[in-house]
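Report on one structure; see the data block that follows.
What follows draws every value from the coordinates through simple rules; no lab data is involved. Keep in mind that what you see is a predicted model, and the values were worked out from it rather than measured. Methodologically, a virtual Cβ is constructed for each residue, glycine included, from the backbone with ideal geometry; neighbour enumeration extends over all protein chains shown.
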Amino acid sequence: MSQDPLSLLVLVTSAAWLWLGWRWNRAISGLPCLPATPTQPKDGTTLSVIITACDEADTIEPALRSLLSQTLPGLELIAVNDRSVDGTGEILDRVAMSDDRLRVVHITTLPEGWLGKVHAMHRATEVATGDWILYTDADVHFSGEVLGRAVAHAEAESLDHLTLLPTMVSSNLLLDVTVMAFAQMLFHAIGMGTRKQIPFGAGAFNMVRRAALERSEGLEWIKMEVADDTGLALLIANAGGRSDFLVAIDELRVQWYPSLPAMFRGLEKNAYILVSQGKSLRMVGALLAGGLAVWGPALGPLLQPSLAATIIGSGALLVFVGVTLRLRLFLHSRPWAALLAPLGILLIGMVAMWSTFRTLRQGGITWRGTFYPLDQLIAGQRVKL
């Protein structure tokens, strides 16, 4: 292949796809599942489950009912109504009247210098009594005695932090390919499958040992962290705690976002901050590199057709699609949608562009009805990818 600019583009971007495919393949190979047994922890270990909810009237009751169906002895549920303006608070109070394992905390004001969700987590932690504390979201569904199995596994492995990956339910194809691409890019960002993997937490299931949390700097350390789930994992790791990440696709289910526009809105609060760390040139560089990497193997041969470019570019794309197919089969997700994997990466790039535009235009983010200036968010950032 002649070394003209387009040929070099095909070579470099195809090499990037091959490298990413290798990284993702290692990450998939390193995704262990939550063991099936034992189902109950030893020695009467107790668990407090904290659910923070802000305007979650459409999802909170089924999620709570699935938690209340768990039979773990000593289970305590603390649901936080964080300044909701819909019927969330009323639903929580009604469910609590039917089951004394559920306590409800109502928050009406937000202190200066706190993100709403982290403050809600902090308030609930102050009243939690369990040996373990699980932070979860208001749209996660639990089954299969997953709580007892998770605590038992953490105790058996002497862990201080455990995250479980759920099944991600997507209502349409475009949302599905974007969510899958997000998962793949996340695997790359946190170094999953490598020796340099950073601590990782997921909002669906983020469990910590109380003693380890008390040894740490506390939730105040992440009070302005937009990636609070991974921030919690980092908090425990910094205190010397042991962390693990498992898959529980048969026991946990969540519809992360109801639609692709909702995903755009949901990620606008943290995509720019996580990638740029307050330096816009970092985001520009990431977007340019990502755009070239996505389109290089395909556009190079189209703009300057040659057999070598076509073979190299097609081979790289097939590797990418093949690795995505393997991940989809593992996660029991639409296998044939692996063919649209490059489109998913492109849509993730658009999410990042939208987040950049909105954050810079506003000079910050609006989350749970509160505006946070960009300089405060950068100053409080703990997770740096």
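List of remarks:
- Scanning the chain for GluC sites (Glu not before Pro) that sit in a DSSP loop and have at most 14 other Cβ atoms within 10 Å, the longest stretch containing none of them is 218-385.
- Once backbone amide H atoms are built at 1.01 Å from N, residue 57 has 87, 88 as its partners under 5 Å, excluding neighbours fewer than 5 places away on the same chain.
- Each of 124, 64, 376 was placed along the dipole of the chain (beta-carbon charges, centred on the mean Cα), and the one lying farthest toward the positive end is 376.
- Relative contact order %, the chain, counting alpha carbon pairs below 8 Å whose residues are six or more apart: 23
- For peptides 59-69, 326-336, sequence by mean Cβ density within 10 Å, most packed first: 59-69, 326-336
- Ranked by the mean number of other Cβ atoms within 10 Å per residue, highest first, peptides 115-125, 349-359 order as 115-125, 349-359.
- Calculated mean residue ellipticity, 222 nm, the chain: -16000 deg cm²/dmol, from DSSP H runs (n ≥ 4) at -39500 (n - 2.57) each, averaged per residue and rounded to 500.
- Degrees, to the nearest 10: 88-98 long Cα axis against longest axis of the chain: 50
- Only one residue of 177, 91, 259 has its Cα farthest out toward the positive end of the dipole of the chain, where Lys and Arg carry +1 and Asp and Glu -1 on Cβ, and that residue is 177.
- Size descriptor for the range 250-356, Kirkwood hydrodynamic radius: 15.8 Å (Cα pairs only, one decimal).
- Label corresponding to Cα extents along the principal axes in Å when calculated from the structure given, among [x] 77, 66, 35; [y] 61, 43, 43; [z] 72, 47, 39: [z]
- Whichever lysines have a C-alpha closer than 30 Å to that of residue 117, once near sequence neighbours (fewer than 8 apart) are set aside: 196, 223, 269, 279, 384
- In this Cβ point-charge picture (+1 for Lys and Arg, -1 for Asp and Glu), the chain has a dipole of about 1260 debye about its Cα centre.
- If you take the alpha carbon atoms of the range 47-258 and fit the smallest convex hull around them, that volume is 123 Å³ per residue.
- Look at where the Cα atoms of the range 322-338 and of the range 162-189 average out, and the two centres are 11 Å apart.
- Axis angle, to the nearest 10 degrees, between helix 116-127 and the longest C-alpha principal axis of the chain: 30 degrees.
- Projected area, mean over directions - the range 7-54, Cα convex hull, nm²: 7.4
- Divided by 2.2 N^0.38 Å, where N counts the residues, the Cα radius of gyration of the range 165-282 comes to 1.14.
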